[in-house]
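First up is the structure itself, then whatever we jot down about it.
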Amino acid sequence: MHDFHSMEYVTKWAKGVNNPVRESVFYHVVAHLTLLPYDSLHVVELAPGPGILAQVVLSKLPQITYEGLDFSRPMLTLAQERLADFEERITLHHVDLRADDWSSVLASTPSAIISMQALHDVGGETEHERIYRIARDLLRPGGLLLNADYMRRSPEDRSPSSLEIKQHLTLLKANGFERVKCTLDFSRYGCVVGFTP
Ligand SMILES: C[S@@+](CC[C@H](N)C(=O)[O-])C[C@H]1O[C@@H](n2cnc3c(N)ncnc32)[C@H](O)[C@@H]1O
C-alpha cells in the first residue's frame, strides 16, 4: 500500500520509480502535446507526484505553462524542488481529485489535461467518470485529455487498476470527448486520449 502522505515513503518511492518503460511513456506524452494546434499551451497535470513527467514536458516544450494538482504535500514539496528551474511557468496546487470542485483552483483554461500512472490510485469507475466529465468542461475547444496509467486488458488481468482500457474509452466517449482512442498498450501501461469538440 502507498503512503503518499509520508515524506519518507514518497522520497523512497520517487527515487526508485523510474525505468525505461516509464521514460518512453513520458516522450509519448510530449509527442501528443507537440501536435496540438495552439501557439501557447497551458497544461494541467492530475496527480503529478514528484513532478518527473512535468520536468520532461517543461524542458522539451518551452512554450507551455503548467499547473499540477496533487493531494500529497510531501509529493508537492518534491515537485517544487524538482521544478525549481521552471518556477515562473508552474503552479502547484494541494487538491483532492475525489472532490467535485477540484478544478476551482485552476488559474487558466487548459489546452491539455494529462496524467501518468496516477488515476488508478485516485479511485475506480466513479472517480474516473467524474474526473473525465470535469475535464471535458474545463478544456478549451479541441483540447486534449490524455491519461497514461496502469490499465487492464481483460477483467482477469492482474493490475493495480480496476479499469480496462475499453472502459476508459467508453467513459471518455460517454462524457463528450471526440477522436477517442488508445494510443499505447504496452507493458502494464495503457494511454487513452480524447479531444473536446
Ligand atoms: C503512483 S504516484 C504517481 C505520480 C506521478 N504521476 C508519476 O508517475 O511519477 C500517484 C500520485 O497520485 C496522487 N494521488 C492519489 N490519490 C489522489 C487524490 N485523491 N487526489 C490527488 N492526488 C492523488 C498521489 O499523491 C501521488 O502523487
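The values are calculated or read from the model by the stated rules, or taken from the named source; none is laboratory data. These numbers were taken from a predicted model, which means no experiment stands behind them. With ideal geometry, Cβ positions are generated from the backbone for all residues, glycine too; neighbour counts draw on all protein chains shown. Just so you know, the surface numbers come from the protein's heavy atoms only, side chains and all, with ligands and any DNA or RNA stripped out. Shrake-Rupley method; radii C 1.70, N 1.55, O 1.52, S 1.80 Å.
Structure above, values below:
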{"read-out": "Residues of segment 95-106 satisfying the condition of being more than 8 Å from the ligand (Cβ to nearest atom) and either surrounded by 18 or more Cβ atoms within 10 Å (Cβ to Cβ) or closer than 11 Å to Glu67 by Cα (or both)", "value": "Ser103, Val105, Leu106"}
{"read-out": "Single condition Leu61 does not satisfy, out of (1) within 13 Å of the ligand (Cβ to nearest atom); (2) in contact with a strand residue (DSSP E or B) (Cβ under 9 Å, 6 or more places away or on another chain)", "value": "(1)"}
{"read-out": "All positions within segment 107-124 that are open to solvent by less than 30 Å² (accessible area, probe 1.4 Å), assigned to a loop (DSSP other than H, G, I, E, B) and either away from the ligand (no atom under 14 Å from the Cβ) or within 13 Å of Leu145 (Cα to Cα) (or both)", "value": "Pro110, Ser111"}
{"read-out": "Selected residue (only one of Asp70, Asp85 is more than 21 Å from Asn175 (Cα to Cα), within 15 Å of the chain's Cα centre (by Cα) and of a type in the set (D, E, K, R))", "value": "Asp70"}
{"read-out": "Residue list for segment 138-155, filter: touching a Phe, Trp or Tyr at 6+ places or on another chain (Cβ under 9 Å) and either part of a strand (DSSP E or B) or among the β-branched types (Val, Ile, Thr) (or both)", "value": "Leu144, Leu145, Asn147, Ala148, Asp149, Tyr150"}
{"read-out": "Among the candidates Val10, Val30, Val21, Val56, residue that is touching a residue at least 12 places away in the same chain (Cβ under 8 Å), in a helix (DSSP H, G or I), open to solvent by 10 Å² or more (accessible area, probe 1.4 Å) and over 15 Å from Ile114 (Cα atoms)", "value": "Val21"}
